[in-house]
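The values are calculated or read from the model by the stated rules, or taken from the named source; none is laboratory data. Values in this document were obtained by computation on a predicted structure and should not be read as measured data. Counting neighbours? That spans all protein chains shown, and the Cβs are built from the backbone with ideal geometry, glycine included. Heavy atoms of the whole protein, side chains included, go into the accessibility calculation; ligands, DNA and RNA do not. Shrake-Rupley method; radii C 1.70, N 1.55, O 1.52, S 1.80 Å.
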Amino acid sequence: MYLKLAMGNVRRSVRDYSVYFATLALAACLLYSFIASGDYLLALDLTAEQRGTYAQIGSVLEAFSIFVVIVFIFLVAYANRFIVRRRKREFGLYALVGMGRGSIAVVLALEGSLVGAAALVVGIALGVVLSPAFGAVAAFVFDAPWTPHVAFLPGAATWTTGSFAAIAGLGAVACVRDVLRRPLVELMQAERAPERLVGATRAASRWQLVLAAPLLAVVWGCCVLQPIYFIAFIIPMGFAAFGATLLVMRAFAWRWGERERRNEQRYWNGLRLFTVRQVGARISSTSAALSCVCVLIAAAVCMMCAGFVFSVGLRGSVELADSANALAPIGYVGIFYGAAFLVTAAAILALQQLSGAADARRAYVVLRELGCDRAMAASSLRRQVGLCFGAPLAFALVHDVFGLMLVGFLSFVFGSASFVLIVADVLGFTLVLMTAYAWLTCRACERLLLG
């Protein structure tokens, strides 16, 4: 009976589960691609020296694997949080008609298992379809011959299934726990309950900036003054950067809202009040998402720049040919992982906006009932999406000012050429990609909310 109810719920809630499914499928695809990346590389016609160098950087790959798992845990946790928030009222109705909390937990776990299993299959299939593109990246970095070849790697699929099951299982446990600890009244009113920003006062925002300052000083200072220590402790530095960014995002989000409200003439003009209210209503959850995205974008830009510096930048001189062969594996890791991080960051932003749009349907229905025309509503929606894409991108570029100093130093040490051109190309690609994702997200949100 529980399985039948879970399958019916999934079919009935296709629109709600589409965001959840897309998030899990993306995580499965990228996880499979990360695990299979070494096989794509070793399938090329590499020299013995290049294979030996690749084998020696296993510790570097392990560090990035930890970072990847953390990103995927965040992705799955965010997707689970979205689906639980969307379904709380339904779970409350189950409890109201007499279904026990244990039965509700079983139904929720079965729904998550069904969607997760389908997303895993789709994600691995997508990774297999994209395997020629991943092989092309490896061939480009190593300047090796490449032929399109679709590859299914059973070992990578097995590891992906195990890792994905563990991550999704933890997420499902968190979902069940969240539902079980909510009182019935809160479940029934979940759709009308706005997000609350913790510490939304002037004093709290000041303390957040004070706490963020030493973290940023450590991260930026080590990056510029002690690059060896920064590379050695890259994972703790990433956590410190995330924590500092989260504090800054929370502080400036509150200050932005207060600044908008102080200018009363502008605040009451058009739908600016509605825009500020919509952004503020979800800021408690979006600040964590935006901070994660910010760090991912900053890391992605630096990694791609370093990857091109250690591959393409070393090909122009015969004297640097040995260095190019030796550093090509590092270049491959930088370009491959950096590009994947950038796409993941853009996807998180898009999914976050789509989930927020799903929560805001009632507000836009009220706007239409009050006589608001579609153009004004669309303008407000575009401004909300623009803020959520622009804020993490802008602060990520601030991080990159210091990160690219480290990459520039390494470029100088190894004699790599065209550093400025490489940075300009990577930044241009980043801006184009984020702009394209923002535009597509705006279009999707408009279709969802404005018809």
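Quick look at the values:
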item: For region 317-451: accessible area per residue (Å², 1.4 Å); result: 44 Å²
item: Per residue, in Å², the accessible surface of region 206-315 once ligands and nucleic acids are set aside, probe 1.4 Å; result: 45 Å²
item: Ordering of 264-277, 241-254 by burial proxy (mean other Cβ atoms within 10 Å per residue, highest first); result: 241-254, 264-277
item: Cβ-defined net charge surrounding A306, 15 Å radius [Lys, Arg +1; Asp, Glu -1]; result: -2
item: Solvent-accessible area, 1.4 Å probe, carbon plus sulfur percent, for region 304-444; result: 72 percent
item: For H149, solvent-accessible area (1.4 Å; no DNA, RNA or ligand), Å²; result: 120 Å²
item: Within the accessible area of region 239-300 (1.4 Å probe), percent carbon and sulfur; result: 56 percent
